[in-house]
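Quick notes on the structure that follows.
The values are calculated or read from the model by the stated rules, or taken from the named source; none is laboratory data. No experiment lies behind these values; they were computed from the predicted model shown. FYI the Cβ positions are ideal-geometry reconstructions off the backbone, even for glycines, and counts take in every protein chain you see. Ligands, DNA and RNA are excluded from the accessible area calculation, which covers all protein heavy atoms including side chains. Shrake-Rupley method; radii C 1.70, N 1.55, O 1.52, S 1.80 Å.
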Amino acid sequence: MLRIRRFEERCVELYSAARIRGFMHLYIGEEAVAVGVNEALTDEDAVVSTYREHGHALARGVPADAIMAEMFGKATGCSRGRGGSMHLFDASRRFYGGNAIVGGGLPLAAGLALADRMAGRNRVTCCFFGDGAFAEGEFHETANLAALWRLPLLLVCENNLYAMGTALERAQAQTDLAMRAASYGMVSWAVDGMDVLAVEDAARRAAEGVRAGSGPHFLEMRTYRFRAHSMYDPDRYRDKAEIERWKENDPVERLAGRLRQSGELTDEALAALEQRVADEIDAAVHSAEQAPEEPVEDLLRYVTSPVEEAS
């Protein structure tokens, strides 16, 4: 969680200095969800993410230097610099995006889960999405088919209370998302998304249920983003006092406090961890700065099929 927090904070600095361009959505405040869920998955499981996916990618094991290079638009990035912040991808770690379309990853996740079921592979496909996806047809179509076909799918809704700038209660008549998901006939429950241990426990139980063949499971992670929707968002739709109240439940500080109380974390150990994370991020930034850009002659590579000359 500390790696994700410090990575995102560095991205803010780099974006403000115009060294990272384009849209960027920060994960600060939601770290417990990515870390807790990924802790419950295996290397053989698949993860499908959203456009707010830096934390998911780091928790999945995508190297920080490959992510930072992607943010810089460099050829050494995990998507060869072609995707940027919203399109991180690493097939070797079964991390299938990064998707800029709200709810766009849901049908892709259903397809991955269906392929595993048809091939007889005992895998879980985990799909992250936000509360705003409940307003999209992709969610309802995916939930219906997943339950109907008993797909090995773990649906993780990161309910941070705001779909871009619209509060949940202003857009949804029923704000209990876990209860709504249960109406499709899948096991569903809500989780304190600011508590990494609660997240890990819930995700592990859900993943075990999926793996046992009981069909899709749905977890509503009740969390909060401390920053605006994106770096372009002036964030004028939220009460500042509300943000400060949620910061009192900071998932990073919450776990650190718990570990201090149990004697498992000392100030010296935390300082050493901070330094290790800082060194890793410094190295990632330096590597991204030195990395080459993709040559212009490769502009259409991976975009169009090669022309086959007639014999």
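Out of all the residues in segment 257-280, is one or more open to solvent by less than 80 Å² (accessible area, probe 1.4 Å), within 26 Å of residue 156 (Cβ to Cβ) and of a type in the set (Lys, Arg)? Checked against the condition, which is being open to solvent by less than 80 Å² (accessible area, probe 1.4 Å), within 26 Å of residue 156 (Cβ to Cβ) and of a type in the set (Lys, Arg), segment 257-280 yields no hits at all. Among all positions in segment 284-293, there is at least one residue which is more than 15 Å from residue 64 (Cβ to Cβ), modelled with pLDDT under 95, out of contact with any Asp or Glu (no Cβ under 8 Å at 6 or more places or on another chain) and open to solvent by 80 Å² or more (accessible area, probe 1.4 Å). When 82, 52, 6 are screened for being more than 28 Å from residue 198 (Cα to Cα) and charged (D, E, K, R), only 82 passes. With respect to residue 10, is the statement that it is part of a helix (DSSP H, G or I), in contact with a Leu (Cβ under 7 Å, 6 or more places away or on another chain) and surrounded by fewer than 24 Cβ atoms within 10 Å (Cβ to Cβ) true? It is false that residue 10 is part of a helix (DSSP H, G or I), in contact with a Leu (Cβ under 7 Å, 6 or more places away or on another chain) and surrounded by fewer than 24 Cβ atoms within 10 Å (Cβ to Cβ).
Here is a yes/no grid of residues against (1) touching a residue at least 24 places away in the same chain (Cβ under 8 Å); (2) among the charged types (D, E, K, R):
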position: 3; (1), (2): yes, yes
position: 11; (1), (2): yes, no
position: 14; (1), (2): yes, no
position: 28; (1), (2): yes, no
position: 34; (1), (2): yes, no
position: 70; (1), (2): no, yes
position: 73; (1), (2): yes, no
position: 78; (1), (2): no, no
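State which residue is farthest from residue 33 (Cα to Cα) when the search covers only segment 149-183 and only residues that are in contact (Cβ under 8 Å) with a residue 24 or more places away in the chain and in a helix (DSSP H, G or I). Here the residue is 149. Go through the residues of segment 214-227 one by one and say whether even a single one is of a type in the set (D, E, K, R), open to solvent by 50 Å² or more (accessible area, probe 1.4 Å) and part of a helix (DSSP H, G or I). No.
Just one of the numbered conditions (1) within 23 Å of residue 254 (Cβ to Cβ); (2) open to solvent by 10 Å² or more (accessible area, probe 1.4 Å) is not true of residue 31: (2).
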